[in-house]
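Trainee: What follows is a structure written as structure tokens; I'll ask about it next.
The values are calculated or read from the model by the stated rules, or taken from the named source; none is laboratory data. Keep in mind the model is a prediction, meaning the values are calculated, not measured. Ideal geometry is used to build each Cβ from the backbone, glycine not excepted, and the neighbour counts take in all protein chains shown. These area figures cover heavy atoms from the full protein model, side chains too; ligands, DNA and RNA do not enter into them. Shrake-Rupley method; radii C 1.70, N 1.55, O 1.52, S 1.80 Å.
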Amino acid sequence: MGPDGVPSQSVPWRKVLWEGQPFPDNYVDQRFLEELRRNEGIRQYRYWAVVKEAGFVGQQLSCVAVFITLWLYMEQGLLAPETLLWASLMSALLGYGLYQALTSQTKSCSENRTHLADSQSAALFLSFTFGFSPVLKTLTESVSTDTVYAMSALMLLAHLVSFPYAHPSPPGSLSLNAALFASVCLASRLPGTLHTFAMLTCALLVFALWPCLLQRLRENAPGQFTGVCVGVCVGGVGGLGSQSLGGAVLLSLALVSVTLICPLLLVRLQRHKDNIHGPWDEAEIQEDLSRFLH
């Protein structure tokens, strides 16, 4: 026996459980650390590549700012609902044409939706929204304004947190429902029924259709995608600055933090990452077992 009660090396230790051995249960030999592996499969990030991906987060934050700015203009009577409706219509037509042009480059057999079907869906949504606008206008009459604003802020925050930034086309149900709920709350505080209809139509473009178009740009036109993200961020800061200088400063700080500082921290902290793998890891079945499921 060795000095610590461990048998001498004349009796070889084997890493098996089905036979008795003169070793303690927690005994390992010097070969134990020979199979140690560090940082296996670690992805190395490049700063500007991370900044580019973080641009999607920044532009979505700016989209919320643009929507709030439009609502403020309508509440103050500085923007007519007819103007917003015509601008939304023109933006929808231009965006649809661009989306179709980008889709035609990678169109598959499963993407056989026709223009007629798209037009019917749009007409159905606009008809229902216009018909229910008087109801939505009076939906929160019994709720205090402070409560409506608090709910709207909470729902917009939930939209930003739950938004599927990796695959935003289509937007996640939770993020989209939260954004539309906030839109209904804010639209119900506008002066008239047409204002409510225009605001909800704008919310559909910003929160439902715009992410789909932006995802197409990211896939098929990466250079233009970066420029669009920068333009949306500048528009969000400028629009919010026309209503609140403090809000524009806060938005600018948030954009700088999300798109520049956070990627820098991610890249810097990668060098301190230290994952170890070895014989103590859980066993992974490499064989394809799908044939047993049928």
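Trainee: Find all pairs meeting these conditions: Cβ atoms under 8 angstrom apart; at least six residues apart or on different chains; first residue within region 108-128 and at pLDDT below 80; second residue open to solvent by 70 Å² or more (accessible area, probe 1.4 Å) and assigned to a helix (DSSP H, G or I).
Mentor: Close Cβ pairs satisfying both conditions: ASP118/TYR96.
Trainee: So ALA92 clears everything in (1) within 30 Å of ILE261 (Cα to Cα); (2) of a type outside the set (Asp, Glu); (3) in a helix (DSSP H, G or I) except one condition, right? Which one?
Mentor: All conditions are met except number (1).
Residues are listed down the side, and each one gets a yes or a no for (1) within 23 Å of PRO171 (Cα to Cα); (2) modelled with pLDDT of 90 or more:
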residue: ARG218; (1), (2): yes, no
residue: ALA221; (1), (2): yes, no
residue: CYS229; (1), (2): yes, yes
residue: LEU253; (1), (2): no, yes
residue: SER257; (1), (2): no, yes
residue: ASP281; (1), (2): no, no
residue: PHE292; (1), (2): no, no
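Trainee: Could you please find all residues in region 115-129 being loosely packed, with under 13 Cβ neighbours inside 10 Å and not small (Gly, Ala, Ser)?
Mentor: Correct list: HIS115, LEU116, GLN120, LEU124, PHE128.
Trainee: Further question: What about THR69, is it at pLDDT 90 or above and among the β-branched types (Val, Ile, Thr)?
Mentor: Here the answer is yes, as THR69 does meet what is asked.
Residues are listed down the side, and each one gets a yes or a no for (1) modelled with pLDDT under 75; (2) among the small types (Gly, Ala, Ser):
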{"position": "GLN30", "(1), (2)": "yes, no"}
{"position": "ARG37", "(1), (2)": "no, no"}
{"position": "GLU40", "(1), (2)": "yes, no"}
{"position": "GLY55", "(1), (2)": "no, yes"}
{"position": "GLN59", "(1), (2)": "no, no"}
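Trainee: May I pose another question? Look at region 16-58 and say how many of its residues are over 25 Å from GLN270 (Cβ atoms) and surrounded by 10 or more Cβ atoms within 10 Å (Cβ to Cβ).
Mentor: Adding up the residues that qualify gives 9.
Trainee: Please pick out the residue among THR201, THR114 that is more than 26 Å from the chain's Cα centre (by Cα) and either of a type in the set (Lys, Arg) or within 28 Å of ARG218 (Cβ to Cβ) (or both).
Mentor: THR114
Trainee: Then there is this: Report yes if some residue within region 225-246 is in a helix (DSSP H, G or I), in contact (Cβ under 8 Å) with a residue 40 or more places away in the chain, open to solvent by 20 Å² or more (accessible area, probe 1.4 Å) and of a type in the set (Ser, Thr, Tyr); otherwise report no.
Mentor: Yes, region 225-246 contains a residue that is in a helix (DSSP H, G or I), in contact (Cβ under 8 Å) with a residue 40 or more places away in the chain, open to solvent by 20 Å² or more (accessible area, probe 1.4 Å) and of a type in the set (Ser, Thr, Tyr).
Trainee: OK, next. Could you list, ordered by first residue, the pairs with Cβ atoms under 7 Å in which the first is in region 254-267 and in contact (Cβ under 8 Å) with a residue 12 or more places away in the chain and in a helix (DSSP H, G or I) and the second is open to solvent by 50 Å² or more (accessible area, probe 1.4 Å) and not basic (Lys, Arg), at least 6 apart or interchain?
Mentor: Taking only residues 6 or more apart or on different chains, the pairs are PRO263/TYR47; LEU264/TYR47; LEU266/TYR45; VAL267/TYR45; VAL267/TYR47.
Trainee: Can you pull out every residue in region 39-76 that is in contact (Cβ under 8 Å) with a residue 40 or more places away in the chain, charged (D, E, K, R) and farther than 15 Å from CYS262 by Cβ?
Mentor: GLU40, GLU75 - these are the residues of region 39-76 that are in contact (Cβ under 8 Å) with a residue 40 or more places away in the chain, charged (D, E, K, R) and farther than 15 Å from CYS262 by Cβ.
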